[in-house]
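The values are calculated or read from the model by the stated rules, or taken from the named source; none is laboratory data. This structure is a prediction, so every number in the text was calculated from the model and none was measured. Don't worry about glycine lacking a Cβ; one is built from the backbone with ideal geometry, like all the others, and counts go over all protein chains shown.
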Amino acid sequence: MPGAEGTRLERWALYPPVFVLALVLSIAQPYPELSLWGVLPVMLVAAAFPLGVALAYGVAGMPRAGGPIGLMVGLAVIYSEIEPIAFALVLASSVVLSAWAKWRAVKVPWAGQLTRAANLGSMALLAFGLVQWGARGFSVPPEWDAGPVPSLGSSGPTPPIYHLLLDGYGDPDWLTAELGCSTTLTRDLEERGFAVPAGATANYPQTLQSVTSVLAMALFDPDAAPTSRATYRAAIANSRVEAALVGRGYHVEQLLSEYSSLRLGTSDVRQVRPYVDFFAYALLPRSVFGSISKLNTGEPSRPLHALHRRQLRWTFRHAADPLSQPATFRFVHVLAPHPPFVIAADGSARVDRSSASIEDGSDWAHKHDGSVEGYADGYCEKLQWLDSELTDLVDRIVADHPDAVIVVQGDHGPGDEVDWAATELEEYHGRFGALVAVRGPDAVRAELYDGMTLVNLYPAVFRGLFGADVPALPDRSFWASWDEPEKLLEVTSELTRTLPSGGPESGGIDR
């Protein structure tokens, strides 16, 4: 028989933080692009508060009824966007009631046995989740054959190649005419020797699909598209662009953004410290920590927004750092002008009082009271800051490497008119329009054309730079909802481009 205080498993209500750890792990399971190391910080932060509550009750010797209170608070860490005042009242009430019960020596029947059972049960759930996670390492995502890796030859120059992926940067002409943004980026880049095809278009509306098409230089079969995002992730990690450049003798470097799904396979990866990925951005603002931040600052995601601004500044500061060798392909992903809209045109902090973080489209609207009001203002302000940083970065790259080939690319446009649950949209050009700008030899410029889609970006660069035999693909675009990315609806005919497509035989960009 245990003593009066029972065994440790009966006295200490450890199940609130352990259950929260298991819950975070289960939420992360459907996202194959997440690593355990990427999820672990979120698990620890999420479990910190209920762990503190559980330990406080145990140290104070308060009744084990404190365990359910801790569990409730722990669940709030994951699911609820509880109001700060309600959260403060719940916490204060639990402390007062528990202190009163201890003072009056109130005994809870079967409390020890129930606490022990809850502790063991939560530990079993966590262990099961870890086993499931480990099993993912032995699972192979459905294969998608993008085709053979093209040969880039073995002779001729191998200038450094910079790929600057600007997440959410749409067609500059459309952004000016329809969204009201003030941007001179097209002119600024042309003055710096870039070719900027007019009316360039994404093949897909989602980042993972769009970037896969660019780096794989291939389109999905509309009748047999991948059903798992793990397939897209694997296609990026084993992309034809990267493999072709490595085969030509290039070293691959990457500056990783918060969106860790875009990790190349053989790259030398650099990232800001501390690093916070998209999973933390999506989960923590909706938790009790968002309520604490909102109670203190009025901005639920303020700590994460500060980290996002730090990530952006770090990226632009280091994107022009010295290369490890002259023949280097440096891939830089910038989560801008994509949400969150927390940086003003002058680079100062911009306040966003919602719990939204990196969500876009209808998910962004849902976190802003169901309205897209304010989306255009936030997008355009962030875009203005981005334009200034980008031109400065280009100047620094060219100063160090006058022969550098620089590819500047948006993966899709803004999401103010995007409903992720819809099987089709009323207007497509806003989301599908994409910035494309390339600085390189005249032979590369000759391969670019107005109205081109992103899938033909690297075939054009490789033909012009290396004389490679990489044929152009049909310029087609497809809509896909978030929950069913494999159901592709062709929208090529619905897209109204600024200029008619010239096609790959049009003679290139002469501006």
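When Ala349, Ala336 are screened for being at pLDDT 90 or above, closer than 20 Å to Gly180 by Cα and touching a strand residue (DSSP E or B) at 6+ places or on another chain (Cβ under 8 Å), only Ala336 passes.
Ala443 meets the stated requirement of being without any contact (Cβ under 8 Å) to a residue 60 or more places away in the chain, surrounded by fewer than 20 Cβ atoms within 10 Å (Cβ to Cβ) and in contact with a Gly (Cβ under 8 Å, 6 or more places away or on another chain). Of everything in the stretch 425-440 that is surrounded by fewer than 24 Cβ atoms within 10 Å (Cβ to Cβ) and assigned to a helix (DSSP H, G or I), the residue that is modelled with the lowest pLDDT is His429. The residues of the stretch 216-251 that are surrounded by fewer than 21 Cβ atoms within 10 Å (Cβ to Cβ), of a type in the set (A, V, I, L, M), in contact with a strand residue (DSSP E or B) (Cβ under 9 Å, 6 or more places away or on another chain) and not in a helix (DSSP H, G or I) amount to a single one, Ala225. Would you be able to say whether some residue in the stretch 179-186 is more than 21 Å from Asp363 (Cα to Cα), of a type in the set (Ser, Thr, Tyr) and in contact with a strand residue (DSSP E or B) (Cβ under 9 Å, 6 or more places away or on another chain)? Yes; the residues of the stretch 179-186 include at least one that is more than 21 Å from Asp363 (Cα to Cα), of a type in the set (Ser, Thr, Tyr) and in contact with a strand residue (DSSP E or B) (Cβ under 9 Å, 6 or more places away or on another chain). Taken together, the residues in the stretch 383-424 that are assigned to a loop (DSSP other than H, G, I, E, B) and under 25 Å from Gly440 (Cα atoms) amount to 7. On the basis of being out of contact with any Pro (no Cβ under 6 Å at 6 or more places or on another chain) and farther than 27 Å from Ser348 by Cβ, does Val394 make the cut? Judged against the criteria, Val394 is not a match.
Would you confirm, using the coordinates I've provided, whether Val149 is touching a residue at least 24 places away in the same chain (Cβ under 8 Å), aliphatic (A, V, I, L, M) and over 30 Å from Ala344 (Cα atoms)? In short, yes. Taken over the stretch 166-204, the residue count meeting the criterion of being more than 15 Å from Phe432 (Cα to Cα) and in a strand (DSSP E or B) is 2. Filtering Trp420, Trp314 for residues that are modelled with pLDDT under 95 and of a type in the set (Phe, Trp, Tyr) leaves a single hit, Trp420. Among the conditions (1) in a helix (DSSP H, G or I); (2) at pLDDT below 75; (3) of a type in the set (A, V, I, L, M), the only one that Ala118 does not satisfy is (2).
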